[in-house]
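Trainee: So that we are looking at the same thing, I have put the structure below in structure tokens.
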Amino acid sequence: MKRSVQPVFWILFGAGGMLSALVGWMLAWITGIAVPMGLGFPQLGYDSVLAFERHWAGAGLTFVVIALFLWHAAHRIFHTLHDLGVHANAGAWVACYGTAAFGTFAAAALLLSL
């Protein structure tokens, strides 16, 4: 039997899906609507968010959220391409998962540079 790396991607997809279902909508609402409209959340000012991201736990939490969202989206897009008639070849695989890998490494580099 030939071994596959698919279980790794299914785990990342499942974890990212669970995270996005539970907290993704609230993160989008708070950071995209509530804070810009001034509906409270004074603790989300620039200085406090920067201090949160400079702490190892804050940077780690942010990294996990970004990485899992990226891998979930990549897996969903890759399998949606088949539904749209694009056959899942190596190019589509590299485009989807390569983008997620690049975004994950970019997030790590940017968070470490703080």
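Values in this text are rule-based calculations from the coordinates and carry no lab data. Everything numeric in this text was worked out from a predicted model, so none of it was measured. As a convention, Cβ positions derive from the backbone with ideal geometry for all residues, glycine included, and neighbour counts pool all protein chains shown.
Trainee: Cut-off 10 angstrom, C-alpha nodes, Gaussian network model of the chain. Which of Ala34, Ala67, Ala15 fluctuates the most?
Mentor: Highest fluctuation of the listed residues: Ala34.
Trainee: Now a separate question. Give me a comma-separated list of calculated 3J(HN,Hα) values for region 23-30, in order, Karplus coefficients 6.51, -1.76, 1.60 applied at θ = phi - 60°, integers in Hz, x for any Gly or Pro.
Mentor: Once rounded to whole Hz, the list reads 10, x, 5, 6, 4, 5, 5, 5.
Trainee: Place a label point 7 angstrom from the Cα of Leu112 along the Cα-to-Cβ direction, then list the residues of region 45-88 whose backbone nitrogen is under 19 Å away.
Mentor: 53-68
Trainee: Something else: Considering only Gly38, Gly58, Gly16, give the residue with the highest GNM mean-square fluctuation for the chain, with springs between Cα atoms whenever their separation is below 10 Å.
Mentor: For the chain, modelled as a Gaussian network with Cα springs under 10 Å, the answer is Gly38.
Trainee: How high is the FRET efficiency from Trp56 to Gln6, r the C-beta distance, R0 22 Å, rounded to 0.05?
Mentor: Calculated value: 0.10.
Trainee: Shifting gears a bit: Cα axis of helix 56-83 to longest principal axis of the chain: angle in degrees, 0 to 90, nearest 10?
Mentor: Helix 56-83 and the main axis of the chain meet at about 40 degrees.
Trainee: Given the convex hull of the Cα atoms of region 13-112, what is a quarter of its surface area in nm²?
Mentor: Quarter of the Cα hull surface area: 7.6 nm².
Trainee: Angle check, please: helix 90-112 long axis (alpha carbons) against the longest principal axis of the chain (alpha carbons), in degrees 0 to 90, nearest 10.
Mentor: Around 20 degrees separate the two axes.
Trainee: Out of Thr99, Thr80, Thr62, any idea which swings most in a Gaussian network model of the chain, alpha carbons joined below 10 Å?
Mentor: Thr80
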